[in-house]
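Everything on this sheet refers to the single structure shown next.
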Protein chains: 2
Amino acid sequence: MKIRLLLLFIFIYLNAPAQQKEPNQLFTAGVASGLMGGLFDGFYPVGQLLKKGDFGLGAPDKIDGELLVFKGKAYQTTASGKTVRLPDSHQASFAMVNFFRPVSSVKINRTLSKAELFQLLDSLLPQQNNLYAIHISGKFRQIKTRAFPPVENHPYPTLASMLPLQHFFQMEDITGDLIGYRLPTYMDNTNIAGYHFHFLSTDQQKGGHIVDLSIAEVTISWQTLQSYTVVVPDTPAFQQFDFHQNRAEDIKAVEKGSKH
Amino acid sequence: MKIRLLLLFIFIYLNAPAQQKEPNQLFTAGVASGLMGGLFDGFYPVGQLLKKGDFGLGAPDKIDGELLVFKGKAYQTTASGKTVRLPDSHQASFAMVNFFRPVSSVKINRTLSKAELFQLLDSLLPQQNNLYAIHISGKFRQIKTRAFPPVENHPYPTLASMLPLQHFFQMEDITGDLIGYRLPTYMDNTNIAGYHFHFLSTDQQKGGHIVDLSIAEVTISWQTLQSYTVVVPDTPAFQQFDFHQNRAEDIKAVEKGSKH
């Protein structure tokens, strides 16, 4: 009896969620400037990604839409506008996740544009060189998202050259969740510096990469991340990729959804 | 008796070396472009660093010389030329380590200059976008290393502006170990792209950052690393640091030991 109890405790200990061992770590699969340059083939299984975090965002295989992770589940919003659950076997081409354990939150009960929201976030998160995971949940007056259509044949174009192919989705008076990050300048190139959010509606039918928004009544919660890990794709396309080119402008344009 | 045996196995399991859980990962503390800009105050304890890897290199607190990790022990070579063991309590200002488990090795029995050695390494390690940990052990015809003197008062200068203060050490016909890495282009800025080696003589009396060398009879062994982690310093100086400045030229100059 004693042994069984002991074994039970040990079993619980060994199966304890990974976040207890790696708190406040951002896990990333892939290198953003490679994604900008056309490394669209998936390489990191969603099932494995969900062991590294329960909250995050990314790009599906062949950049077929946008990827979001919320409460331990992965979603894909495609260029058709449909949002679906991603199976564990799906391979992401780029993704970042963390175990979201917010330490602070505020409620905002007034309309703010995207620029005003980002200004507010700047004042709430004053450490410019920290990594922050940010969750904004509630009612939105309007949300504009985009999703890329999937690429088909090699050689793939650059992501910036695909901006004219983006599909945009305009939503009004909608409830849902923004999942995202503010990352510091020194992470640009391997990742995307600044604010970066994806959206999932409460009914899980709509989503995408945030291009524009205004909030109505939301709760903002956040967490500081103290480290980040980059997993390098073990693919021939990655090995042959030329990382010498500066893709900072592409990264900005793709995040914003336009070159201007 | 049964329980004791079980507890023993569990104890062994829970204390198993971390490398079995995180194989082929490069652990880094600090951001290289911050070090270039004068973030010289130590923040990461050597004792903690040695739990993340048994092989590596870095910069001591106040860049008082050069740091090296070999076979699970940390060494400091100061500008006086002395090499000493670093206590667990010492705080590194920048460091990278991994659990060195080489998968390949070659013996070289001829004299090669630094440029020739790097050409040979280029042919042995053909994947330009991979991370490699490299150990070169044996006899060297000559080795030239450098070490910085410690900074004293804030505000600290940039590391590139301290190049005239470097102390150089010239050694002839010496046995020892080169500990280092070849890191890909996309890691420049947060780390130092290209080859980067520190030296420790077999008698553990001499060391430093490699500026020049020629090998005589050595074994080269290496390992591919599939991911890297960056731990962000939780210090006011780091938070206030301006990472917008491009320090690529400084990084190159400091690695080479000169601006030319």
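The values are calculated or read from the model by the stated rules, or taken from the named source; none is laboratory data. All values derive from a computational prediction rather than experimental measurement. Note that we place each Cβ from the backbone using ideal geometry, even for glycine, and neighbour counts take in every protein chain shown.
Only one of the numbered conditions (1) assigned to a strand (DSSP E or B); (2) under 20 Å from the mean Cα position of the chain (by Cα); (3) in contact (Cβ under 8 Å) with a residue 40 or more places away in the chain; (4) surrounded by fewer than 17 Cβ atoms within 10 Å (Cβ to Cβ) is not met by B:Gln128, and that is (1).
Put simply, of A:Val69, A:Val84 the only residue that is modelled with pLDDT of 95 or more, assigned to a strand (DSSP E or B) and surrounded by fewer than 22 Cβ atoms within 10 Å (Cβ to Cβ) is A:Val84.
Per-residue answers, yes or no, for (1) within 14 Å of chain A (Cβ to nearest Cβ); (2) modelled with pLDDT under 95; (3) surrounded by fewer than 17 Cβ atoms within 10 Å (Cβ to Cβ):
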| site | (1), (2), (3) |
| --- | --- |
| B:Val211 | no, no, no |
| B:Gln223 | yes, no, no |
| B:Ser227 | yes, no, no |
| B:Asn246 | yes, yes, yes |
| B:Glu255 | no, yes, no |
| B:Lys259 | no, yes, yes |
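Only residues that are under 30 Å from A:Met96 (Cβ atoms), small (Gly, Ala, Ser) and assigned to a helix (DSSP H, G or I) were counted in region B:211-260, giving 2.
Annotation for region B:94-115: no member residue is assigned to a helix (DSSP H, G or I) and touching a Pro at 6+ places or on another chain (Cβ under 7 Å). The residue that is nearest to the other protein chains (Cβ to nearest Cβ), counting only those in region A:159-200 that are in contact with a helix residue (DSSP H, G or I) (Cβ under 9 Å, 6 or more places away or on another chain) and on the phi > 0 side of the Ramachandran plot, is A:Asn189. Among the conditions (1) in a strand (DSSP E or B); (2) surrounded by 14 or more Cβ atoms within 10 Å (Cβ to Cβ), A:Leu120 misses just one, which is (1).
Within region B:229-243, can you find the residues that are more than 7 Å from chain A (Cβ to nearest Cβ) and of a type in the set (A, V, I, L, M, F, W, C)? Residue satisfying the conditions is B:Ala237 alone. Under the condition of being over 28 Å from B:Thr145 (Cβ atoms) and of a type in the set (Val, Ile, Thr), the residues counted in region B:230-260 number 2.
Restricting region A:26-62 to residues that are among the charged types (D, E, K, R) and surrounded by fewer than 24 Cβ atoms within 10 Å (Cβ to Cβ), the residue that is nearest to the other protein chains (Cβ to nearest Cβ) is A:Lys51.
For B:Asp203, the criteria (1) touching a residue at least 60 places away in the same chain (Cβ under 8 Å); (2) charged (D, E, K, R); (3) more than 14 Å from chain A (Cβ to nearest Cβ) hold in every case but one, which is (1). Within region B:231-260, the set of residues being within 17 Å of the chain's Cα centre (by Cα) and not β-branched (Val, Ile, Thr) comprises B:Lys252, B:Ala253, B:Glu255, B:Lys256, B:Gly257.
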